[in-house]
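Trainee: I have a structure here, written as structure tokens, and I will follow up with some questions on it.
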Amino acid sequence: MSGTIRVLGSPPRSAPVLTGETILASLLQAGVAFPHNCQAGNCGACKCELVEGDTLELPYSEYALSPEERAQNLILACRTQAWGDCVVRLLDAEELVLHPSRVLRCRLIAFDDLTHDIKGLRLSIEAGGPYSFSAGQHAKLKFAPGISERDYSMANRPDEAELEFHIRHVPRGEASDYVFTCLHLGAEITVSGPLGNAYLRDNHRGPILAVAGGSGLAPIKSIVETALGADPQRQVHLYFGVRDERDVYLESHLASLRERHPNLTVQIVLSEPSRPRARREGWLTDAVSSDFASFEGFKAYVAGPPIMVETMQRALRGKGMAVRDVHADAFYGQADDAFNAR
């Protein structure tokens, strides 16, 4: 097999077709930067338009690429093999931000219980920097030899020197088990990244809808704080959904942020409260849908469990929000062979 993969854009880029490899693998092996994440057809980060070419698609999750999207000639570069010359186009090439890939040696300097099953980690960078990323991205963390590296979102702003992560304890999760049973202050942790394309679009100046489920608050926190730092008058609507009262965290931090920015609204929603609470109850999707008649001029950032993310995306599209304006990051568990429930 021979041929060339061309990526339309400014500047255009190309790579040779490699026999038996996917479009993404061929591009990366040729040193061509391309958005990606799980490389398993689960996350949708490498979604692009197939302009022309003979291809073979491998199995993938319909969360990452819906039948409606496939009917519009969209593909997942990580699950599509090229059988000759082909041309692809990034969906939001004008907004594409590519940061240098780094491998950092970090030190754990703060280790806190955020909830009964979420730990907060703060790391200092000791070597491998400087580290630049866009708010909403994530990195691979390696905690110890023999422990698989997993993906976790940065919760800090990109302009902060220290890195912050929120790690939820996942059943049968090797990495999170280690964090909850063996990790200690002063431990050395390797951080590789950044990854992900559900990041804050800096050229957008309109209102923001930010939706977090569980530890999905980590990237949403980074996005909201960064957006307000760049434009303190920006209209930002933050929705944070958890199962019960014991799952709520960083509430005082969000309240302080709201006091400094009256244009920020914060809604905390409990989906399965164990007893009546003085909080909003129900599903995040229903709360958002009932609060907004229109999302004209909005961009949405959504992070959390896959079912919540997928349902929210459908609801936003049903309200008229364009696919290009919804930036989503679904937190898969280790058993999903994608990225961990970060």
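Trainee: Which residue fluctuates the most in the chain, going by a Gaussian network model with Cα springs under 10 Å, if the choices are T80, T19, T226?
Mentor: Result for the chain, Cα springs under 10 Å: T19 fluctuates most.
Trainee: Give me the extension gain from D177 to E245: residue separation times 0.36 nm, minus the current Cα-Cα distance, reported in nm with one decimal.
Mentor: Details: separation 68, 0.36 × 68 = 24.48 nm, distance 2.34 nm.
Between D177 and E245, full extension yields an extra 22.1 nm.
Trainee: Highest GNM mean-square fluctuation, the chain, Cα pairs closer than 10 Å: which of P171, P207, P306?
Mentor: P171
Trainee: Another question, then. Search the structure for amide H atoms under 5 Å from the amide H of V269, placed 1.01 Å from N in the peptide plane, and list their residues when 5 or more places away or on another chain.
Mentor: For V269, the qualifying residues are F240, G241, V242.
Trainee: I need W283, W83 ordered by Cβ neighbour count within 10 Å, fewest first.
Mentor: Numbers: W283 16, W83 13.
Ordered from fewest to most neighbouring Cβ atoms within 10 Å, W283, W83 come out as W83, W283.
Trainee: Determine, at each q value in 0.06, 0.09, 0.10 (inverse angstroms), the log₁₀ of I(q)/I(0) that the Debye formula gives when each Cα of the chain is one equal point scatterer.
Mentor: -0.21, -0.48, -0.60
Trainee: Which ordering of K319, K47, K299 is given by a fewest-first count of other beta-carbon atoms within 10 Å? Let's see the in-between values first.
Mentor: Working: K319 16, K47 19, K299 23.
Going from sparsest to densest Cβ surroundings: K319, K47, K299.
Trainee: Also: Take the Cα atoms of the stretch 220-342, build their convex hull, and give its volume per residue in Å³.
Mentor: On the way: hull volume 15.4 nm³, N = 123.
Residue-normalised Cα hull volume stands at 125 Å³.
Trainee: Among D54, D325, rank each residue by its count of other Cβ atoms within 10 Å, from fewest to most, as a rough exposure measure. Don't skip to the end; give the middle numbers.
Mentor: Working: D54 11, D325 19.
Fewest to most other Cβ atoms nearby, the residues stand as D54, D325.
Trainee: Projecting each Cα onto the charge dipole of the chain (Lys/Arg +1, Asp/Glu -1 at the beta carbon, about the Cα centre), which of G84, C48, I147 comes out farthest on the positive side?
Mentor: Checking the options against the dipole of the chain, the answer is I147.
Trainee: Okay, moving on. Take the Cα atoms of the stretch 125-280, build their convex hull, and give its volume per residue in Å³. The partial results should precede the final answer.
Mentor: On the way: hull volume 20.9 nm³, N = 156.
Normalising the Cα hull of the stretch 125-280 by residue number yields 134 Å³.
Trainee: Starting at 0 and stepping by 10 Å, how many percent of the alpha carbon pairs of the stretch 4-95 end up in each bin?
Mentor: 18, 57, 24, 0
Trainee: Kindly provide the pair-distance distribution of the stretch 102-195 built from C-alpha pairs, with 5 Å bins from 0 and whole-percent values in order of increasing distance.
Mentor: Going from the shortest bin to the longest, the percentages are 3, 14, 27, 29, 18, 8, 1.
Trainee: Another one. To the nearest 20 Debye, how big is the dipole of the stretch 81-212 about its Cα centre, given +1 on the beta carbon of each Lys and Arg and -1 on that of each Asp and Glu?
Mentor: With only Lys, Arg, Asp and Glu charged at Cβ, the dipole is about 100 debye.
Every number in this text was worked out from the coordinates using simple rules, so none of it is lab data. Here the structure is a predicted model, which is why all the values come from computation and not from measurement. Virtual Cβ from ideal backbone geometry, glycine too; neighbours counted across all protein chains shown.
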